[in-house]
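*Asks:* The structure is given below, and queries will be raised subsequently.
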Amino acid sequence: MYDILIKNAQLRRKKGLWNIAIAKGVIAKITQKPIRAKAGKVLDAGGNLVTEPFVNTHLHLCKVYTLEMMDSKALCAYHGADMGGAMTAIELAARVKANYNEKWILPNVRRALKLAALHGNLHIRAFADVDSKAKLIGLKALLKARDEFKGIVDVQVCAFPQDGVVREPGTLDLMKEAMDLGADVVGGIPWIEFTEKDEQIHIDEMMKLAIAYDKDISMLVDDAGDPTLKTLEMLAVRTLEEGRLGRSLAHHARAMCLYPIPYFKKVAALLQQARMGVVSDPHTGPLHARVKELLAEGNLVCLGQDDISDAYYPYGRNNMLEVAFLASHLLWMTTYPEMETLYDLVTVNPAKCINLKKFELKEKGNASLVILDAKTVCDAFRNHAPPKYVISNGNLLKVSDLRG
């Protein structure tokens, strides 16, 4: 007796139609032969693609739907052609935190997480600002939402010192308190500091915190139009020095597109040694990491949503098919093989970046998957429609509950 039986599924990079049996939250069987056993629910995929769920490794979840609270000054500064105003944009965007209140943050977060589930985006690394203005208000809201959505959407809460550690006195103590409250990941944004010395202190202090609490690190690095920024390299070097291979993740690295080629290749080699992935969000800023070149060098890369209707980006639906659709244009990845790579960049690659276990659609893997309303990856990107069915931890999600 199985809980769910999926018939006539098309699997990526495999020929023919397949049947998938799920029991007790685990993929029990994948076969082209008929499965005769009974099942609580039988779903006919109708030849559509069945894949792993989507993963969003980068979302500023405490800020979703705050665009209406802001003017357009931060957006204009961040989206300037050379991104020279990125630091100014962060300073301008910080004004929203003067009004932080769980009463409006938590409903916004719930709305975004329902959208994630609707679109089969079942794993999110969610950033919560921690500083003298936001204090721990957003973080506490995200921790509540994480517990509410357990078993539906897996939320990793990242305590994020958005406005710096050295330049924001008291932030380090707040970060420690955030970890004591149960944050899952130590965040960082070292490039926001005023000097290279302070950037190193920022990285060192967050690394100490990650070691003390045995947590992974996610840092926004080199996120401006300045080819002299080196916080990506600094984080990779510090990760290697501590022997924490695979436990640091770099986000944005937009200055990478301005790096001289010899320096880019050196950093790419360091990233491989540190087993450190890079999250790129090319749709939210004029500059972006060299995704195709990183892939050619053998580096681990994925895509993120980054923002949903906030001071940095006006759109977003927590739909990783939409993110990949936009990236296909921005990165000029439009051939069929490149589309397959893009699909990896919103599924299996981000799962590796945030160390998800038993993620791939295999027997004995976790029974979280999507049955798309498309027979090809190209069609999936073309329409970026919600999946026909979303299964999370062996349970079929009710679409009616997610549209509310």
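*Asks:* May I ask which of Lys24/Lys388; Lys135/Lys265; Lys150/Lys362 have a Cα-Cα span longer than 27 Å here?
*Replies:* Cα-Cα > 27 Å for Lys135/Lys265; rest within.
*Asks:* With +1 assigned to the C-beta of every Lys and Arg and -1 to the C-beta of every Asp and Glu, and no other charges, what is the dipole magnitude of segment 262-313 about the Cα centre in debye, to the nearest 20?
*Replies:* For this selection, approximately 400 debye.
*Asks:* What does the charge count near Lys73 come to, summing +1 for each Lys or Arg and -1 for each Asp or Glu among other residues with Cβ under 15 Å from its Cβ?
*Replies:* Numbers: positive: Arg95; negative: Glu68, Asp71, Glu91, Asp310.
So the surrounding residues net to -3.
*Asks:* Continuing with this model, one more query. Would you compute, from DSSP H runs of 4+ residues alone, the mean residue ellipticity of the chain at 222 nm, taking -39500 (n - 2.57) per run and dividing by the full residue count, rounded to the nearest 500? Each step should come with its number before you reach the end.
*Replies:* On the way: 14 runs with 141 residues, N = 404.
Estimated from H runs of four or more residues: -10500 deg cm²/dmol.
*Asks:* In addition: For an R0 of 25 angstrom, estimate the FRET efficiency from the Cβ-Cβ distance between Lys144 and Val399 and round to the nearest 0.05.
*Replies:* The formula returns an efficiency of 0.55 here.
*Asks:* So for each of 9-21, 149-161 I average, over its residues, the number of other beta carbons within 10 Å; can you give me the resulting order with the highest mean first?
*Replies:* Values: 9-21: 16.2, 149-161: 23.2.
Averaged packing, sorted descending, gives the order 149-161, 9-21.
*Asks:* OK, next. Among the aspartates and glutamates, which have Cα under 20 Å from the Cα of Lys7 when same-chain residues fewer than 8 positions away are ignored?
*Replies:* Within the straight-line cut-off, Lys7 pairs with Asp44, Glu52, Glu360, Glu363, Asp373.
*Asks:* Suppose we keep just the DSSP beta bridges with both residues in the chain; what percent of those would be antiparallel, to 5? Provide the component values of the computation, followed by the final result.
*Replies:* Numbers: 19 of 54 bridges.
Taking every DSSP beta bridge within the chain, about 35 percent pair in antiparallel fashion.
*Asks:* Please give the residues of segment 1-24, grouped as numeric ranges, whose backbone N is less than 16 Å from a label point set 7 Å along the Cα-to-Cβ vector of Arg36.
*Replies:* 1-2
*Asks:* I've got another one for you. So for segment 287-335, considering every pair of alpha-carbon atoms, how many percent are separated by more than 18 Å?
*Replies:* Cα-Cα pairs of segment 287-335 separated by over 18 Å account for 36 percent.
*Asks:* In square nanometres, what is the average projected area of the Cα convex hull of segment 239-299? Intermediate results must be reported in sequence, preceding the final value.
*Replies:* Values: hull surface 16.2 nm².
Quarter of the Cα hull surface area: 4.0 nm².
*Asks:* What translational diffusion coefficient, in µm²/s and rounded to a whole number, does the Stokes-Einstein relation yield for segment 1-58 at 25 °C and a viscosity of 0.890 mPa s, taking the hydrodynamic radius as the Kirkwood radius over Cα pairs?
*Replies:* Details: Rh = 12.0 Å.
Estimated via Stokes-Einstein, D reaches 205 µm²/s.
*Asks:* Follow-up. Convert 10 °C to kelvin, take the viscosity as 1.306 mPa s, use the Kirkwood radius over C-alpha pairs of segment 119-237 as Rh, and evaluate the Stokes-Einstein diffusion coefficient in µm²/s, rounded to a whole number. Walk me through the intermediate numbers first.
*Replies:* Details: Rh = 14.6 Å.
Using the Kirkwood radius from Cα pairs, D works out to 109 µm²/s.
*Asks:* Can you pull a Stokes-Einstein diffusion coefficient for the chain at 20 °C (1.002 mPa s), Rh from Kirkwood over Cα pairs, as a whole number of µm²/s? Please list the in-between numbers first.
*Replies:* Working: Rh = 21.4 Å.
D = 100 µm²/s.
*Asks:* Let me ask something else. Going by average Cβ neighbours within 10 Å, how do the peptides 214-225, 102-113 rank, with the highest at the top?
*Replies:* The peptides rank, most packed first, as 214-225, 102-113.
*Asks:* For segment 168-305, what ratio Rg/Rh do Cα atoms give with a Kirkwood hydrodynamic radius?
*Replies:* Reported Rg/Rh, Kirkwood definition of Rh: 0.95.
*Asks:* Separate question: Collect residues whose amide H, placed 1.01 Å from N in the peptide plane, falls under 5 Å from the amide H of Tyr2; neighbours closer than 5 in sequence don't count.
*Replies:* Lys38, Ala39, Gly40
*Asks:* Given Cα pairs under 8 Å that are at least 6 residues apart, what percent is the relative contact order of the chain?
*Replies:* 21
*Asks:* A further question on this structure: In angstroms, what radius of gyration and Dmax does segment 1-105 have, counting Cα atoms only?
*Replies:* Considering segment 1-105 through its Cα atoms, Rg and Dmax are 23.8, 63 Å.
*Asks:* In nm, what is the difference between 0.36 nm times the number of residues separating Asp173 and Leu17 and their Cα-Cα distance?
*Replies:* Details: separation 156, 0.36 × 156 = 56.16 nm, distance 5.51 nm.
50.7 nm is the gain from fully extending Asp173 to Leu17.
*Asks:* A further question on this structure: How would you rank 304-311, 185-192, 326-333, 38-45, highest first, on the average number of other Cβ atoms within 10 Å across their residues? Show your work: numbers first, answer last.
*Replies:* On the way: 304-311: 25.4, 185-192: 26.9, 326-333: 16.6, 38-45: 14.9.
Highest to lowest by the protection proxy: 185-192, 304-311, 326-333, 38-45.
Since every read-out is calculated from the coordinates, none of them should be taken as a lab result. Predicted model only: the values in this text are computed from it and were never measured. In this analysis, Cβ positions are derived from the backbone assuming ideal geometry, glycine residues included, and neighbour counts consider all displayed protein chains.
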